[in-house]
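What follows is one structure encoded as structure tokens, with my remarks underneath.
The values are calculated or read from the model by the stated rules, or taken from the named source; none is laboratory data. All values derive from a computational prediction rather than experimental measurement. In this analysis, Cβ positions are derived from the backbone assuming ideal geometry, glycine residues included, and neighbour counts consider all displayed protein chains. Only protein heavy atoms, including side chains, enter the accessible area calculation; ligands, DNA and RNA are left aside. Shrake-Rupley method; radii C 1.70, N 1.55, O 1.52, S 1.80 Å.
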Amino acid sequence: MKIIVASNNQGKLKEFKSILEPLGYTVVTAKEQGISMDSVEETGATFVENSIIKAAFVHEQTGLPTIADDSGLTISALPDILGVYSARFMGEDTPYVDKNNEILKRLKDESQRDAYFTSAIVMIDEQGIHAFEGRIDGSIAEAIMGEGGFGYDPIFVPNGMTVSFGMLDADVKNKISHRALALQKFIDFMEA
């Protein structure tokens with residue numbers, strides 16, 4: 001089955017391909033379909049709403065099954081700065097190493113470091129809108145750990161682990177991450 005991913009985020013695209021293609025899906029980007037995502041504004045108040053905006057934008061132009069992901073990091077001690085605004089924290093063009101260092105600075109004297117990643121994946125096809133959410137709990141590291149992954153991965157340590165997403169092998173991350181959990185719900189729905 002051919003499915004279009006409504007995203008410019010290379011990290012997300014890589015994860016979608018590595019999880020879905022071994023299951024027989026043909027993953028195509030919006031860009032490969034000649035569609036620019038640059039004009040799409042994520043004005044939703046929730047991850048699901050933003051995913052719908054992105055998926056609908058591409059689906060309306062192609063008529064093909066389209067999936068989109070909106071995801072982010074929520075930190076208990078800093079509840080108002082990330083969440084649905086994770087990518088926009090400090091501006092979308094600010095390198096994530098700077099964003100990660102700023103978060104570490106703000107948490108310098110904070111003992112409460114609980115955090116979680118959320119992913120909302122929406123698929124739009126001829127049957128309508130289907131939403132799937134995944135969440136992984138963890139904490140914010142004391143320092144940047146690793147250079148793998150993308151975004152806030154190098155400062156997020158999943159519960160039960162001693163290394164960050166930035167240090168995990170991609171195969172491991174693609175089994176336990178918030179996006180992997182949401183994608184598994186999507187896969188289960190498709191196979192039902």
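So which residues in segment 22-50 are part of a helix (DSSP H, G or I) and open to solvent by 60 Å² or more (accessible area, probe 1.4 Å), if there are any at all? So that I can check it myself, show each step before the final result.
From segment 22-50, those part of a helix (DSSP H, G or I) are 22-23, 31-33, 47-50; that's our starting set.
The answer is Pro22, Leu23, Lys31, Glu32, Gln33, Glu49.
Looking only at residues in segment 151-190 that are closer than 22 Å to Lys2 by Cα and small (Gly, Ala, Ser), which one is modelled with the highest pLDDT? For segment 151-190, the residue satisfying everything is Ala182.
Pairs meeting the criteria (first residue in segment 29-42 and at negative phi, second residue among the aromatic types (Phe, Trp, Tyr) and modelled with pLDDT of 95 or more, beta carbons under 7 Å, at least 6 apart or on different chains) are Val40/Phe57. Only one of the listed residues (Glu49, Glu60) is farther than 25 Å from Ile140 by Cα and touching a helix residue (DSSP H, G or I) at 6+ places or on another chain (Cβ under 9 Å). That residue is Glu49. Listed by position, the strands (runs of 3 or more DSSP E) inside segment 84-165 whose residues that are within 29 Å of Glu49 (Cα to Cα) and open to solvent by 30 Å² or more (accessible area, probe 1.4 Å) number at least 3 are 128-140.
Quick one: in segment 72-82, which of the residues that are at pLDDT 95 or above and not hydrophobic (A, V, I, L, M, F, W, C) is least open to solvent (accessible area, probe 1.4 Å)?
Of the residues in segment 72-82, the ones at pLDDT 95 or above are 72-78, 82.
Filter again for not hydrophobic (A, V, I, L, M, F, W, C), leaving 72, 74, 76.
Values: Gly72: 5, Thr74: 26, Ser76: 63 Å².
So, considering only residues that are at pLDDT 95 or above and not hydrophobic (A, V, I, L, M, F, W, C), the one least open to solvent (accessible area, probe 1.4 Å) is Gly72.
Checking Phe117, Phe47, Phe89 one by one, the residue that is at pLDDT 95 or above and touching a His at 6+ places or on another chain (Cβ under 8 Å) is Phe117 and no other.
Take segment 51-83 and flag every residue that is among the polar types (S, T, N, Q), in a helix (DSSP H, G or I) and touching a strand residue (DSSP E or B) at 6+ places or on another chain (Cβ under 9 Å). Walk me through how you get there before you give the answer.
Filtering segment 51-83 down to residues among the polar types (S, T, N, Q) leaves 51, 61-62, 66, 71, 74, 76.
Checking which are in a helix (DSSP H, G or I) leaves us with 51, 61-62.
Matches in segment 51-83: Ser51, Thr62.
Scanning segment 51-64 for residues that are open to solvent by less than 20 Å² (accessible area, probe 1.4 Å) and of a type outside the set (A, V, I, L, M) returns Ser51, Lys54.
Is there a residue in segment 9-21 that is assigned to a loop (DSSP other than H, G, I, E, B) and surrounded by fewer than 16 Cβ atoms within 10 Å (Cβ to Cβ)? Steps first, answer last, please.
So the first thing to find is which residues in segment 9-21 are assigned to a loop (DSSP other than H, G, I, E, B), and the list is 9.
Next cut, surrounded by fewer than 16 Cβ atoms within 10 Å (Cβ to Cβ) only: none.
Within segment 9-21 (the criterion being assigned to a loop (DSSP other than H, G, I, E, B) and surrounded by fewer than 16 Cβ atoms within 10 Å (Cβ to Cβ)), the answer is no, since none of the residues qualifies.
Cβ-Cβ distances below 8 Å connect the following pairs, each with a first residue in segment 51-69 that is touching a residue at least 40 places away in the same chain (Cβ under 8 Å), a second residue that is in a loop (DSSP other than H, G, I, E, B) and among the polar types (S, T, N, Q), and a separation of six or more residues or different chains: Lys54/Ser7; Ala68/Ser7; Asp69/Ser7.
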